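Reviewing the structure listed below.
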Amino acid sequence: MSDDSSDRIVRHLRSLAASATPGTRLPSTREIAAKFGAGPVTVQRALAILVADGVVDTRPGLGTFVRARPAAAHATDVAWQTAALGPRRSGASPVGSTLRQVPHDTIAMHSGYPDASLLPRREVAAALGRAARREESYRRPPVAGLPELRAWFAGEVSEAGSDGGSAWHESEVMIASGGQAALAASFRALAAPGEPIVMESPTYWGAIGAARQAGLVIVPVPRVDGAPTATDLDAAFASSGARLFYAQPNYANPTGDQWTGAQRAEILDVVAAHRAFVIDDDWAHDFGIDRPARPLASADVHGHVVYIRSLTKSMSLTMRVAAVMARGPARLRIEQALAHSDLFVSPILQAAALDVVSRPAWRRHVKALSRELGERRDALVGALRSAGFDVTAPGGGLHLWVRLEGARGLDDVPDPDVVAARALAAGLAISSGGEWFPAEPNGSFVRLTYGATGVERYDEAVRILVESL
């Protein structure tokens with residue numbers, strides 16, 4: 001009887017929505033339950049079906065509304081509007097779908113982390129055991145972190161190759177409890193509530209959320225050929241008065257873009273001309289496939305670059321260890337912000353991380369990880385292209401950014417939220433593109449992670465995606 005009531009409710013609401021204008025508020029859950037003599041669970045089941053089918057929107061605390069039909073697909077490039085419209089003036093950022101828990105049999109292509117089978121679990125376990133037996137692991141470490149670990153991070157930037165910048169030193173490195181903590185502290189330290197911060201659009205949802213939590217106003221600049229243009233960036237600084245720019249020059253999340261040498265030089269020139277800071281989030285430093293990551297810090301001379309690199313994704317979820325590198329008073333402010341939020345990072349985690357990266361097995365792991373990610377990327381790109389999607393293979397990272405307009409000859413622009421909801425109901429977890437934009441999206445996109453699921457399920461995943469359109 002519950003199923004029968006649910007079907008009747010679905011048919012009734014479809015009829016109401018078909019004759020109403022977009023945005024019309026439909027009867028409340030209580031009214032529907034009373035009309036059909038149904039329980040709240042039955043009503044919610046019916047609404048979930050209509051949401052997945054793109055018929056209605058549910059807005060917590062407000063009600064259920066008729067959804068507008070997407071506009072017809074076209075080839076017009078409207079990315080320029082991202083810079084022209086400026087900051088979005090509403091709403092805080094929700095936690096991204098990448099942290100969603102899904103049933104074990106779901107194809108998990110929404111995650112921001114590689115599959116555990118790709119990580120050095122045995123080496124991490126052994127390192128944690130050794131660290132736990134050391135007496136110094138039970139003493140409070142320096143606020144900035146263990147000197148040996150800080151020196152390793154500084155040496156990594158030098159080893160990545162100098163682009164004419166000054167050498168980095170251990171004293172310019174601070175250890176944080178993961179990349180997200182490093183981002184949040186840097187935002188709080190370098191900008192005050194109400195001040196602007198420039199961001200690429202689209203970009204990492206966690207950075208969008210951290211900036212809004214810090215009370216900052218996000219000024220978006222679009223990517224053109226993989227990076228913001230010097231003209232757009234200069235205009236964003238000039239019009240907003242911003243002194244802070246958050247960017248992912250290497251294998252950007254979610255698009256996979258990597259700045260070219262010419263783009264790096266032009267952007268750094270603009271940042272220097274405005275006496276600003278650029279926060280280089282090198283989140284995927286160890287995930288290079290075709291091309292290695294090139295830290296902006298290797299080109300820094302006068303302290304314009306704040307560099308962040310985490311070991312969590314490439315080593316283990318248990319290793320919430322990252323580095324923030326900065327120079328001058330900016331470093332002091334970030335260190336104070338970290339101390340006020342975390343006091344210090346666990347000495348056992350720091351010692352274990354240093355143990356892992358100091359052994360030859362770490363280099364072998366990074367090389368093997370690159371090969372495996374390359375195989376997975378190529379397999380998923382091939383499956384998507386065979387199904388009629390136009391997708392670009394990134395030079396590294398974990399994700400593919402898939403445009404839905406015109407996919408498989410569709411005339412309408414699919415709503416990515418609806419596509420993601422339908423896919424999840426069918427057993428495929430993906431990320432809707434909307435959560436990666438700090439302002440209005442300039443297209444219909446979804447993000448698929450090739451690092452978290454084995455190739456044996458790629459064909460099934462693409463089939464579900466096609467059906468969800």
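Values in this text are rule-based calculations from the coordinates and carry no lab data. From a predicted model like this one, the values you see are computed outputs, not experimental measurements. Neighbour counts are summed over all protein chains in view; Cβ atoms, including those assigned to glycine, are modelled from backbone coordinates with ideal geometry.
Which of the peptides 201-209, 384-392 is most tightly packed, and how do the rest follow, going by the mean number of other Cβ atoms within 10 Å of each residue? Walk me through the numbers before you get to the answer.
Numbers: 201-209: 24.7, 384-392: 15.7.
Result, highest mean first: 201-209, 384-392.
HN-Hα J couplings of region 292-308 from phi, Karplus 6.51/-1.76/1.60, θ = phi - 60°, integer Hz, Gly and Pro as x?
For region 292-308, the Karplus curve yields x, 6, 10, x, 4, 4, 6, 10, 7, 10, 10, x, 7, 9, 10, 10, 10 Hz.
What angle, in degrees between 0 and 90 and rounded to the nearest 10, separates the Cα long axis of helix 121-132 from the longest principal axis of the Cα atoms of the chain?
Between the helix axis and the principal axis of the chain, the angle is about 50 degrees.
Note the full-extension length gain between H340 and H104 as 0.36 nm times their separation in residues minus their Cα-Cα distance, in nm to one decimal.
Extending this stretch completely gives an extra 81.2 nm.
Could you tally the net charge around V124, taking each other residue with its Cβ under 12 Å from the Cβ of V124, Lys/Arg +1 and Asp/Glu -1?
Details: positive: R121, R122, R130, R359; negative: E123, D355.
Once positives and negatives cancel, what remains is +2.
Here are some values of semi-axes √(5λ) of the Cα gyration tensor in Å: (1) 39, 36, 20; (2) 41, 26, 22; (3) 33, 26, 20. Which one was computed from this structure?
Evaluating semi-axes √(5λ) of the Cα gyration tensor in Å on these atoms matches (2).
Taking H placed 1.01 Å from N in the peptide plane, check which residues at least 5 places from S201 or on another chain put their amide H under 5 Å from its amide H.
Those lying under 5 Å, H to H, from S201 are V221, R223.
Measure nothing but the geometry: give the 0 to 90° angle between the long axis through the Cα atoms of 179-190 and the longest principal axis through the Cα atoms of the chain, rounded to 10°.
80 degrees
With θ set to phi - 60°, apply the Karplus curve 6.51 cos²θ - 1.76 cosθ + 1.60 along region 430-443 and write out the HN-Hα couplings as whole Hz, x wherever there is a Gly or Pro.
Once θ is set to phi - 60°, the couplings for region 430-443 become 10, 9, 6, x, x, 6, 9, 9, x, 10, 4, x, 9, x Hz.
Working from the alpha-carbon coordinates of region 274-385, get Rg over Rh, Rh being the Kirkwood radius.
Using Cα coordinates only, the ratio equals 1.04.
Starting from a Cα-only point model with no solvent, please compute log10 I(q)/I(0) by Debye for region 358-430 at q = 0.19, 0.23, 0.26 1/Å.
Values returned for q = 0.19, 0.23, 0.26 Å⁻¹ are -0.89, -1.12, -1.24.
Take R133 and L62, extend 7 Å from each Cα along the Cα→Cβ direction, and tell me the distance between the two endpoints in nm.
About 6.0 nm separates the two model spin labels.
Across region 234-248, in residue order, what do the Karplus-derived ³J(HN,Hα) couplings come to in whole Hz, using 6.51 cos²θ - 1.76 cosθ + 1.60 with θ = phi - 60° and x for Gly and Pro?
4, 5, 5, 5, 5, 6, 9, x, 5, 10, 9, 9, 9, 8, 10
Check which residues have an amide H placed less than 5 Å from I107's amide H, if you skip close sequence neighbours.
L428, A429
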